[in-house]
Every structure is written in structure tokens, then in C-alpha cells.
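Here is the structure we will look at.
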């Protein structure tokens, strides 16, 4: 049997032999992984830990928070603020950025995260997860502000997610492909289980919330209609539909076996570009998908090229198998 490679060893090799990451980024990613491990333990306890149910509060998005939303947010902040790797953090659950307190050394990185994606699934024991993105602090910045976070996704230096399902799996990119690590609970550490994740270019599976069909724009309707027509339609093949209502779980399935995920703009809130958050969800997931050979657009342009205008900006998302994403994008451009 080949020896198990821990996350720490993988990151050391990325730093030492491949030169992809500096030491401070390596240490930051190890801290994020430890925080995810703590969140995994809280999720696994469920009712036994008293963590299920609503917190009876709302986040900056106006969404009702679950108890685990708040717990996960606090775990990530407390784990990361004292290590000297970060200058500031931003979370989907907080209105503004969280500066590293003056009593701690300030690092050169910025961390963004969705502490618990898919939290509507918490109480029904469906897979949920944590999404994170790391940016470099602009060199000219002294006093950190929200403006320093407003960088296009192509400037990320690391991104990943941790999915809390039957196994706890950490998925990571530092710009050298995508690696998956599974939490070995006996060892208490993440162990490398797939170092060369690839998304097939073609697929017969799509993920979208069909209950919103009447609100979709015509290019999305056209694409889904063609899929539903199966072998008798213009695509000449049958498609399966999947929808978990947890972006982490849906993207993890696509990274594992292919597919296309769509959370498009719709007519319910026409003044919003989409539902998902550009900085906390779309950018890290898009980079992971691209690093695995897939593609990600908002229907018209590459998501990683979008210049954010605000911290909690929303965006339409179409990502996954390259050829299917290209088709949906073409339908939007033709319109």
C-alpha cells in the first residue's frame, strides 16, 4: 500500500518542491482545514449537540440564520484571527469585513467564506459545507477596507470547500489542479484521496431548481427543454436532473462525475444579477471547476473575469462540464 499523504504534507510539497505557495499561505490553509474539522464535529452532533434549528436572527442578506450558521462563522473567525497570516476576513453572514485585532500580528492575505452553505438542509441531514477563498492583500494597502476585497476571481491564490456528508471531504486548489482530502477520524487529519480531479467535458446530467422554471430567461428554458426531450429531441440523448439545494453538494457531484450546475438570473428579482454571491460562492467554485478542466460563466462572460463592485454582490452561475456550459452561454449570447 502507498503511504497516506496528509494535507500538511501535500501543502509542504506544494510549497517546497513545486513553489506554488509561500509558507504563510500554507499555514493559513492548515488553519482553515482545522476550522472545517471543528465545524464537521458540530454538524455530526446534530440534535445531540443542540445545534439544530433557527437562531431567530437574519444575516446581511435578510436570510434567517440557523444556529449552525452562527457557530460555523464564529469557528472560522476565532481560528484564523490570531495566526498572523491574515489582514482581514469577510463572511456571507457579516455585513462588513472583520479586521484582525491589533493585539495580533497582521498578515498579507484576505480570507472570504460562506461558513455553512446549504444551511436550509441542516435539519434534514442532507450534505452541507463550507466554501472559502483566499486573496492577496494589495501591496499599497495600509489600512484594510472593503475595497481591498473587491478583486476579480482570477486573482485568488487559493480556494476550496469542505463538504459535510457521509464523509467529510476537503477540496482545494492553489492553482495547480484540484485535490480532494477525506477526513480520517481515527487519525484526526485530512488524507489525500484524489490528486488529479477532472470534470468530463461532456455530460448527461444537469442541476437546476425546476420550481423556478416559469421565471427563467429564454436561453435557460431553451437549454433545459432540449435536455428534457431526451433521445427524441435535438440533443439525441437522455439527461438526468439533480438538485440538492446545497451548492457545495451539487458542485462536489460535478467534480466527481461531471454535470452542469445552473443558478441563473430570473424574473422574480430582475434588478439582481443572480442569487448566489460572487465573492463567497461563485468565485471559489468557478476556480475549482476551471482548475479541474470545466468552465464557469454568468451566461455571458467568465465569472473569474468579473470585477466586483460590492462585498455581497450577487451573480448568475452556470458551471461544470465545459461543452455544456459553452452551449448555455452561447444561447445567452445569441439572444
> Can you pull the percent of Cα pairs in the range 175-227 with separation above 16 Å?
Replying inline: 64
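At 0.36 nm per residue, minus the direct Cα-Cα distance, what do residue 16 and residue 212 gain on full extension? Give it in nm, one decimal, please.
Here the answer is 65.7 nm.
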> Could you give the semi-axes, largest first, of the ellipsoid that matches the range 248-335, computed as the square roots of 5 times the alpha carbon gyration tensor eigenvalues and rounded to whole Å?
Replying inline: 19, 15, 12
> Between the helical axis of 322-334 and the dominant principal axis of the chain, each derived from Cα atoms, what acute angle in degrees is found, rounded to the nearest 10?
Replying inline: 60
> Which distance in Å, rounded to a whole number, links the C-alpha centroids of the range 66-139 and the range 268-329?
Replying inline: 21
>> Over all directions, how big on average is the projection of the convex hull of the alpha-carbon atoms in the range 7-194, in square nanometres?
In response: 11.2
> Assuming a viscosity of 0.890 mPa s and a temperature of 25 °C, what translational diffusion coefficient in µm² per second does Stokes-Einstein assign to the range 157-279, Rh being the Kirkwood radius over Cα pairs?
Replying inline: 148
> Which of 322, 275, 231 moves most in a GNM of the chain, Cα contacts under 10 Å?
Replying inline: 231
> If you average the sequence gap of Cα pairs under 8 Å that are 6 or more apart and divide by the length of the chain, what percent do you get for the contact order?
Replying inline: 15
> What angle do you read, to the nearest 10 degrees and between 0 and 90, between the alpha-carbon axis of helix 218-228 and the longest principal axis of the chain?
Replying inline: 80
>> Test of understanding: in a Gaussian network model of the chain with alpha carbons linked when under 10 Å, which of 139, 176, 225 would top the mean-square fluctuation ranking?
In response: 139
> Pick from 240, 102, 80: which is most flexible by mean-square fluctuation in a GNM of the chain where alpha carbon atoms under 10 Å apart are linked?
Replying inline: 102
>> Please compute one quarter of the surface area of the Cα convex hull for the range 130-226 and express it in square nanometres.
In response: 10.8
> Quick one: helix 7-16 against the long Cα principal axis of the chain, what's the angle to the nearest 10°, folded into 0 to 90?
Replying inline: 80
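Every number here is computed from the coordinates shown, using simple stated rules; none is lab data. Keep in mind the model is a prediction, meaning the values are calculated, not measured.
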